[in-house]
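No value in this document is a laboratory result; all are computed from the given coordinates. What you see is a predicted model; the values in this text were computed from it and never measured. Note: ideal-geometry Cβ built from the backbone for every residue, glycine included; neighbour counts use all protein chains shown.
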Amino acid sequence: MKYKKYTNNSVNVSEIGLGAWQLGHNSGWKNMTEKEAIDLVYKSLDYGINFFDTAPNYGHGTGEERLGKALKNMDRSKIVINTKFGHTHTGKLNFSSDYIKESLEESLRRLQTDYVDSLIIHNPPSAYFDGNKNDHYMILEKLVEEGKIKAYGASLDTYEDMKLLMDTTHARVMEVFFNILHQDTLRGFEKAKSNDVAIIVKIPLDSGWLFGKYDAESRFTDVRSRWSKEDIVTRADLVNKVRSVIGTEKNLSQTAIAFCLAYDAVSTVIPGNTTAGQLADNVKSADISLSKNLIEKLENFYETEVKMLNLPW
């Protein structure tokens, strides 16, 4: 495992992190037992993973609880935990600044820790990223002073939101939607690097499409049921085109993750894992180095064949 800088006051983080959505009970994907979830965290640690991304709404709080149980006896100084606020453990939304501290205290209790390395706003409406119009960031600064968090930021999906956050706040962490089929946030990478803002890449496999197991006939009954038949056909066609760009001899999912890691601004990538086998495959991605030529081809593919489609999440 290789490690990269996260924030100035944290240890370096593993290039592959563990996205802990799937750890929770009734997470919307595979319904893991507590033992399966904890075992997956242990396996992650065995691979050298030290970055864990979670949130109160993952499994209605059970994601944080299970992660806390797994990490309870570990050296906390070597573990980096990112959690969120805004999507509550009850499933409701509450982005009110008055709720930040309460949400954090509940997360700390579930995680069985005194602090988190970063606390981020969980995909709120764009207006919340304006530090000149919201008191959220003043409260977050106070939580840094109190030692409850080491850094703060936001989970977001577009370059415009990245820019607004960086221009109006002292955020030091952004969790951004970025993969071969969604490259809008790439426009903010250099600014983030120059501003010393860490980037966590979320959804690197495009909710499973870049894993390579879906096609035009695939149908979904979980959160991905949001896609229409037309969306599915479009994505299937694009994935086939990605295969032709990278070459059939390359592993699609590992190449997709390696593409995200190819950018210096990226600190860590958090692909979803529901099995030890998937985790092992994802970890191997960190050993893959893509050529500059292939990276440019994938960027050009997005610009010429994907960007204008405005693919839905």
Out of region 175-223, which trypsin sites (Lys or Arg not before Pro) are coil in DSSP terms and have no more than 12 other C-beta atoms within 10 Å? Lys213, Arg219
Note down the relative contact order for region 206-313 as a percent, whole number, built from C-alpha pairs under 8 angstrom at least six residues apart. 26
Please identify the longest segment of the chain free of exposed GluC sites (Glu not before Pro), where exposed means a DSSP state other than H, G, I, E or B and no more than 16 other Cβ atoms within 10 Å. 1-216
Counting all Cα-Cα pairs in the chain, those more than 38 Å apart amount in percent to 8
Between His87 and residues 5 or more places away or on another chain, which pairs have amide H atoms under 5 Å apart, with H built 1.01 Å from N, and which residues are they? Asn94, His122
Which of Val176, Val239, Val283 moves the most in a Gaussian network model of the chain with Cα springs under 10 Å? Val239
Which lysines, on any chain, are close to Lys241 with Cα under 26 Å apart, when same-chain ones fewer than 8 places away are left out? Lys202, Lys213, Lys229, Lys250, Lys284, Lys292, Lys297, Lys307
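Using 0.36 nm per residue, how much length does the chain from Lys213 to Met1 gain when fully extended, once their Cα-Cα distance is taken away? Display every interim value, and only then the final one.
Working: separation 212, 0.36 × 212 = 76.32 nm, distance 2.61 nm.
Between Lys213 and Met1, full extension yields 73.7 nm more.
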Using alpha-carbon positions, what is the distance between the centroids of region 31-95 and region 1-22, in Å? 14
Of Gly247, Gly63, Gly48, the most mobile residue in a GNM of the chain (C-alpha springs, cutoff 10 Å) is Gly247
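For region 1-124, how big is Rg over Rh, using alpha carbon atoms and the Kirkwood form of Rh? Working shown, then result.
Numbers: Rg = 13.7 Å, Rh = 14.5 Å.
My calculation puts Rg/Rh at 0.95.
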So, in nm, how far is label Glu230 from label Glu190 when the simple model puts each one 7 Å beyond its Cα toward the Cβ? 3.6
Relative to the present Cα-Cα distance, how much length would full extension add between Val245 and Lys69 at 0.36 nm per residue of separation? 59.1 nm
extent check for region 176-313: Cα max minus min per principal axis, descending, whole Å, gives 43, 37, 30
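Run the helix sum for the chain: -39,500 (n - 2.57) per DSSP H stretch of 4+ residues, divided by residue count, reported at 222 nm to the nearest 500 deg cm²/dmol.
On the way: 10 runs with 109 residues, N = 313.
For the chain, the value works out to -10500 deg cm²/dmol.
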